[in-house]
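The block underneath contains the structure these notes are about, expressed in structure tokens.
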Amino acid sequence: MAKEELDLDVEEGAVKKEQSGKMILVLVAVLVVVLLGGATVATLYFTGVIGGKEEVASAEGDESGEEQAEAEAPKQPQVYHPLDPAFVVNFGEDSDVRFMQIKLQVAARDPVVIDRIREHTPAIRNNLVMLYSNQDPATLNTREGKETLRAQTLEEVQKVLEEQTGEGGVENVYFTSFVMQ
């Protein structure tokens with residue numbers, strides 16, 4: 001009889017341990033769900049998807065509707081378009097440097113602008129060849145000279161697009177290769 005009572009106590013203890021183990025597992029699962037939910041809400045709030053930006057913008061009231069929409073609109077990612085093939089220009093005989101090869105890409109946030117660049121690539125390439133062939137190789141050996149040329153390149157691309165389409169839209173140009181020999 002004592003042995004049966006002892007066996008029953010051991011079985012009840014095992015059942016209680018199993019139940020408490022399941023209870024702990026349920027509590028951990030609930031805690032994980034609550035933490036993930038809180039993290040999701042915090043992320044959405046801080047990225048402006050919920051709360052925050054709409055109330056702030058409407059409370060300010062100083063901006064017009066168009067400016068407000070521009071301020072709230074998320075920036076599109078940049079779209080890059082290479083102007084292939086590489087630009088190659090010759091320099092005069094009075095220089096140690098004989099030619100220059102430049103590969104570049106244009107960047108815009110609107111895919112429509114990239115389509116316009118594709119459409120008007122011959123005019124863009126013409127203006128850039130004219131720009132590059134009139135450069136001083138000694139100036140281009142410095143970083144400042146290359147940055148100046150990059151700024152002039154952007155101006156030329158914008159100028160062609162504005163002449164051809166009435167709108168610019170190119171945000172930047174990047175030299176992806178720059179060789180002088």
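The values are calculated or read from the model by the stated rules, or taken from the named source; none is laboratory data. This is a predicted model, so every value here is computed, not measured. In this analysis, Cβ positions are derived from the backbone assuming ideal geometry, glycine residues included, and neighbour counts consider all displayed protein chains.
Does the stretch 111-130 contain any residue that is touching a strand residue (DSSP E or B) at 6+ places or on another chain (Cβ under 8 Å), over 17 Å from VAL160 (Cα atoms) and modelled with pLDDT under 95?
Looking for residues that are touching a strand residue (DSSP E or B) at 6+ places or on another chain (Cβ under 8 Å), over 17 Å from VAL160 (Cα atoms) and modelled with pLDDT under 95, one finds at least one in the stretch 111-130, hence yes.
One line per residue, one yes/no per condition, for (1) under 30 Å from VAL49 (Cα atoms); (2) in contact (Cβ under 8 Å) with a residue 60 or more places away in the chain; (3) in the same structural domain as THR47 (by TED's automatic domain parsing); (4) not basic (Lys, Arg):
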residue	(1), (2), (3), (4)
ASN90	no, no, no, yes
ASP96	no, no, no, yes
PRO111	yes, no, no, yes
TYR132	no, no, no, yes
ARG150	no, no, no, no
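Kindly indicate the residue of the stretch 156-181 that is out of contact with any Leu (no Cβ under 9 Å at 6 or more places or on another chain), of a type outside the set (Val, Ile, Thr) and in a helix (DSSP H, G or I) and also nearest to ARG116 (Cα to Cα) among those meeting that condition.
The qualifying residue nearest to ARG116 (Cα to Cα) is LEU161.
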